[in-house]
1. Assuming Ser23 fulfils every condition listed in (1) of a type in the set (Ser, Thr, Tyr); (2) at pLDDT 95 or above; (3) open to solvent by 70 Å² or more (accessible area, probe 1.4 Å) apart from one, which condition is it?
2. Provide a single number: the residues in the stretch 104-135 that are within 18 Å of Ser42 (Cβ to Cβ) and open to solvent by 10 Å² or more (accessible area, probe 1.4 Å).
3. What do you reckon, is Val79 more than 19 Å from Ala165 (Cα to Cα), open to solvent by 10 Å² or more (accessible area, probe 1.4 Å) and among the β-branched types (Val, Ile, Thr)?
4. Across the stretch 32-76, which residue is most open to solvent (accessible area, probe 1.4 Å) among those that are farther than 17 Å from His98 by Cα, of a type in the set (S, T, N, Q) and part of a loop (DSSP other than H, G, I, E, B)?
5. Would you confirm whether or not the stretch 183-192 contains a residue that is more than 22 Å from Ala95 (Cα to Cα) and either in contact (Cβ under 8 Å) with a residue 12 or more places away in the chain or open to solvent by 40 Å² or more (accessible area, probe 1.4 Å) (or both)?
6. Look at the stretch 143-173 and say how many of its residues are of a type outside the set (A, V, I, L, M, F, W, C), under 23 Å from Ser46 (Cα atoms) and open to solvent by 30 Å² or more (accessible area, probe 1.4 Å).
7. For Glu47, indicate whether it is among the charged types (D, E, K, R) and under 15 Å from the mean Cα position of the chain (by Cα).
8. Restricting to strands (runs of 3 or more DSSP E) lying wholly in the stretch 87-198: which have 3 or more residues that are of a type outside the set (A, V, I, L, M, F, W, C)?
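The values are calculated or read from the model by the stated rules, or taken from the named source; none is laboratory data. A quick note: this is a predicted structure, and the numbers were derived from the prediction, not measured. Glycine gets a Cβ as well: all are built from the backbone with ideal geometry, and neighbour counts include every protein chain shown. Quick note on the areas: whole protein, heavy atoms, side chains included, nothing else; ligands and nucleic acids left out. Shrake-Rupley method; radii C 1.70, N 1.55, O 1.52, S 1.80 Å.
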Amino acid sequence: MTRNKPTFYGLFLVLVTGAAMASAQPLTEPPSGKQAQKMMFSPERSEVEMIARDFLTPENAALLEQVAAGYAYYAAVAVAPDEELLKSAATMLVANHHSVEAASAAALEGCDKARTSATPCEVVAIVRPKGWKARDLQLSVEATRALMTDYGRKGPRAMAISPSAGFFGLGQGENATEAALDACRSNGANDCVVVVQD
């Protein structure tokens, strides 16, 4: 089974980009489904953190915060400092990744590819689960829901994720580990790792 919905957005316009490779350290030994579920945050509650930038007006910051609040964690917004926020194709919101770092890298990559000005893009907002604290395992909203509902409770099973791109896959049965990795890789990811296993 494969599930994947990392999303790449211009401020109000879908813009497809390749995700940047972000460093993420896999766990030395994947937790069980029961252990992993205890590490998860609610997929229903998130919060936006705005990052103060001299070039961002209070009005534009408020607008970005309002827009970002509607997207699934982990998310990031990157903008081109020398371009008009609402008119620039470089304004990039990337959502539903497995970490803020991965979302930020993807947002910056998409923004820098689309900008027409010389100044590099900067991240101005991030979206995390409400009450976020560092944990050994972080999953996107879609992967969290899949872990809670589709992972299963009996027999061999596994979940694999792409730390950089937000993809994931589930596997069940005798070859659960390889099935989860294959499902994750079927989206084109080349960095899939098993993060939950029973």
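1. Result: Ser23 fails condition (2) only.
2. Let us first name the residues in the stretch 104-135 that are within 18 Å of Ser42 (Cβ to Cβ), namely 126-135.
Now drop any that are not open to solvent by 10 Å² or more (accessible area, probe 1.4 Å), which leaves 126, 128, 130-135.
Qualifying residue count, the stretch 104-135: 8.
3. Spelling it out, it is not the case that Val79 is more than 19 Å from Ala165 (Cα to Cα), open to solvent by 10 Å² or more (accessible area, probe 1.4 Å) and among the β-branched types (Val, Ile, Thr).
4. Restricting to residues being farther than 17 Å from His98 by Cα, of a type in the set (S, T, N, Q) and part of a loop (DSSP other than H, G, I, E, B), the top hit is Thr57.
5. Kept after step one, since they are more than 22 Å from Ala95 (Cα to Cα), are these residues of the stretch 183-192: none.
The answer is no; no qualifying residue exists.
6. The number of residues fulfilling the criteria is 3.
7. The answer is yes for Glu47.
8. Where strands (runs of 3 or more DSSP E) fall fully within the stretch 87-198 and carry at least 3 residues being of a type outside the set (A, V, I, L, M, F, W, C), they are 122-129, 168-172.
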